[in-house]
Amino acid sequence: MNETLVRLRKELHQHPELSGQEHTTAKRIVEFVKDYHPTNIIENIGGEGVAIIYEFGNNGATVVIRCELDALPILEENTFSHHSKNKGVSHKCGHDGHIAIVAGLSIWLKEAEFKNGKVVLLFQSAEETGKGAAKILADAKFTNLAPDYVFALHNLPGQKLHSIVVKPGYFTATVQSLCIQLKGKKAHASEPENGVNPSLAVAELVQVFSSFANPNFESDDFSLLTPICINIGEKTYGISPENAELHYTIRTWSGQLMSELEDKIKDAVNVMAKKYQLSYNIDWFEFFPASENNVFCTELVEKVAAQKGFDLIKIHSPLRFGEDFGWFSQNYKSAIFGLGAGEQHPSLHHANYDFPDELIDTGLLMFKGLIEEILGK
């Protein structure tokens, strides 16, 4: 293993930052890559993001290798020496490892001798909230780089260590979160008929939303509606409540099916509000468009995996989690692939997860191979 990159990864793990607040993480990346003489460094791109640029000539393709800077609001259970020093915040999705891999490319690019082309190492802010990639794409500092290809990876616990997981077309789901606020009329608990209690509406909505689901993830019309949080009233036993909130996360493969599902939810809430004489509001947030892999880019990933001797796993159904890499796939030829983190490794977003350091070299070899295939060896 590259001990320099392992140290960097563990340092990042000790100092995690939440989405949109990755200022120190971004500064650490800039400090690290300066020793490897990039052509240019662009800071504060799409927020706290950083682009490290290596130019090899005026012609040729521009290849972007993207990773994520942010951590999660999760209290770490691990007690190893590099555990998080920011209580309640930790790298439980492996972004610290993704950063180490992409930063490590600068060591190689310093010595690379491509005749033409450009490589952009993109360290993106706020992936976990679904906002970061959209902000990058709205920033002229990025679009002026005129990318031709964008690649990324994500470690996948549950898959064989060092395996490469690929799929053309949809690789991750379309994901949308929402909050439904219902308002009735408060009354004394002994006289609920004098008020409007939203509880029955909540109970019916949960049942109706359940009927919208198709949990068969091998189906093209897969849809998953997961209740996240439900609040009704307060622990004041003399009051029949007037307020309720339902928080859901919904998932489909296609954006079209997501739009249809959103319309069904809106209609159901409207019907239920009229039935129980409630006012309501629906707030939609944390949207992740599906990551749709370009066929050519996916074939390149498969080719490089074969060249490097990694086990190739071709999945038939997309992964059910959200990844805001989907914003890139809507605009550029791109692919995101999985990096097996071990079949028995703790799952993503679990309090005892930690990125396997042995994957750093695997990720480096994959990204190096992709760059060489496009810019020429």
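Helix 255-276 versus the longest principal axis of the chain: what angle, 0 to 90°, nearest 10, using Cα atoms? On a 0 to 90 degree scale, this one is about 20.
Note on the range 199-250 and the range 1-48: Cα centroid distance 40 Å, given to the nearest whole angstrom. Angle of helix 199-212 to the longest C-alpha principal axis of the chain, folded into 0 to 90 degrees and rounded to 10: 50°. Share of carbon and sulfur in the accessible area of the range 22-175 stands at 47%, probe radius 1.4 Å. Calculated translational diffusion coefficient of the chain (10 °C, 1.306 mPa s; Stokes-Einstein with Kirkwood radius over alpha-carbon pairs) equals 71 µm²/s.
Between the helical axis of 3-14 and the longest alpha-carbon principal axis of the chain there is an angle of about 20 degrees. For the range 1-110, the list of GluC sites (Glu not before Pro) that fall in a loop by DSSP and count at most 14 other C-beta atoms within 10 angstrom reads Glu77.
Averaging the Cα positions of each part gives two centres, and for the range 86-106 and the range 258-298 these lie 31 Å apart. The mean sequence distance of close C-alpha pairs (under 8 Å, at least 6 residues apart), as a share of the length of the chain, puts its relative contact order at 25 percent. The residues Met272, Met1, sorted by heavy-atom accessible surface at 1.4 Å with ligands and nucleic acids left out, run Met1, Met272 from largest to smallest. How much of the accessible area of the range 298-377, probe 1.4 Å, is carbon plus sulfur, in whole percent? The C+S portion of the solvent-accessible surface of the range 298-377 is 44 percent. Comparing Thr62, Ile315, Phe222 along the charge dipole axis of the chain, the residue lying farthest to the positive side is Thr62, per the Cβ-charge model. A simple spin-label model places the labels of Ala213 and His83 3.4 nm from each other, with each point 7 Å out along Cα-to-Cβ. With a simple spin-label model that places each label point 7 Å from the Cα along the Cα-to-Cβ direction, the separation between Phe296 and Asn281 comes to 4.7 nm. Leaving out ligands and nucleic acids, and using a 1.4 Å probe, what accessible area per residue does the range 96-141 come to in Å²? With all protein chains present, the range 96-141 gives 32 Å² per residue. Ordering Leu72, Pro147, Ala26 by Cα displacement along the dipole of the range 5-155 toward the positive end leaves Ala26 in first place; charges were set at the Cβ atoms of Lys, Arg (+1) and Asp, Glu (-1). If you sort His350, His82 by accessible surface, 1.4 Å probe, largest first, the order is His350, His82.
What does the charge dipole of the range 55-172 about its Cα centre add up to, to the nearest 20 debye, if the Cβ of each Lys and Arg holds +1 and the Cβ of each Asp and Glu holds -1?
100
Counting heavy atoms of the protein chains alone, Asp263 has an accessible area of about 80 Å² for a 1.4 Å probe. Lys34 contributes about 120 Å² of solvent-accessible surface, heavy atoms of the protein only, 1.4 Å probe.
Taking only DSSP H segments of four or more residues, each worth -39500 (n - 2.57), what value at 222 nm results for the chain once the sum is divided by all its residues, to the nearest 500 deg cm²/dmol? Numbers along the way, then the final one.
Values: 10 runs with 120 residues, N = 377.
Calculated mean residue ellipticity at 222 nm is -10000 deg cm²/dmol.
Look at the Cα gyration tensor of the range 119-166: its axes a ≥ b ≥ c give a/c of at least 1.5 with a/b at or below b/c, and that counts as oblate. About its Cα centre, the chain has a charge dipole of approximately 240 debye under the convention of +1 per Lys or Arg Cβ and -1 per Asp or Glu Cβ, with nothing else charged.
The values are calculated or read from the model by the stated rules, or taken from the named source; none is laboratory data. Please read these numbers as outputs of a predicted model, since none were measured by experiment. FYI the Cβ positions are ideal-geometry reconstructions off the backbone, even for glycines, and counts take in every protein chain you see. Note: accessible area is taken over every heavy atom of the protein model, side chains too, but ligands, DNA and RNA are not part of it. Shrake-Rupley method; radii C 1.70, N 1.55, O 1.52, S 1.80 Å.
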